[in-house]
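Structure record follows, encoded as structure tokens.
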């Protein structure tokens, strides 16, 4: 169910275990969420790779760097002919030109992948964010 309002889009993707119901170009367990959420500055996907399975090819990008956030499980990442282990809590950034692939270990590998154009970030939260003193959520003291 998608709830649209003026300044946000909220979607419930369902439990992580249901990610194998999604498919992208023959890859089961890959759920791109950018279009559904109306993202305008990045693309993102939620992923589940079954135990022992791996990406069937190495790929790179022309413009986008990627950030991988491992949520659950463990596996092996391959970037530019180098392999290294990943597990819950691992964070991996890959530059556009980096040739990448990954494989799940003995258990399913769950991760989020966020991609955005490399060198496009002009400010971060501290420079961009500001407080709205007149707005209060229900849990905030008066």
Original post:
Can you find a residue in the range 79-88 that is within 29 Å of residue 8 (Cα to Cα), out of contact with any helix residue (DSSP H, G or I) (no Cβ under 9 Å at 6 or more places or on another chain) and modelled with pLDDT of 90 or more?
Top reply: yes
Subject >> residue 93 vs. criteria in contact with a strand residue (DSSP E or B) (Cβ under 6 Å, 6 or more places away or on another chain), within 26 Å of residue 35 (Cβ to Cβ) and exposed (fewer than 14 other Cβ atoms within 10 Å of the Cβ) >> reply: yes
**OP:** Being on the phi > 0 side of the Ramachandran plot and in contact with a helix residue (DSSP H, G or I) (Cβ under 6 Å, 6 or more places away or on another chain) is the filter here, so list the residues in the range 89-113 that pass it.
**Re:** none
Original post:
Within the range 96-119, how many residues are surrounded by fewer than 18 Cβ atoms within 10 Å (Cβ to Cβ), more than 17 Å from residue 49 (Cβ to Cβ) and free of Cβ contacts under 8 Å to residues at least 60 places away in the same chain?
Top reply: 6
Original post:
From 86, 58, which residue is surrounded by fewer than 17 Cβ atoms within 10 Å (Cβ to Cβ) and touching a residue at least 12 places away in the same chain (Cβ under 8 Å)?
Top reply: 58
Original post:
From the list 45, 74, 18, which residue is within 12 Å of residue 110 (Cα to Cα), more than 13 Å from the chain's Cα centre (by Cα) and at pLDDT 85 or above?
Top reply: 74
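The values are calculated or read from the model by the stated rules, or taken from the named source; none is laboratory data. These figures come from a predicted structure and were not determined experimentally. Heads up, the Cβs are rebuilt from the backbone with ideal geometry, glycines too, and the neighbour counts pull from every protein chain shown.
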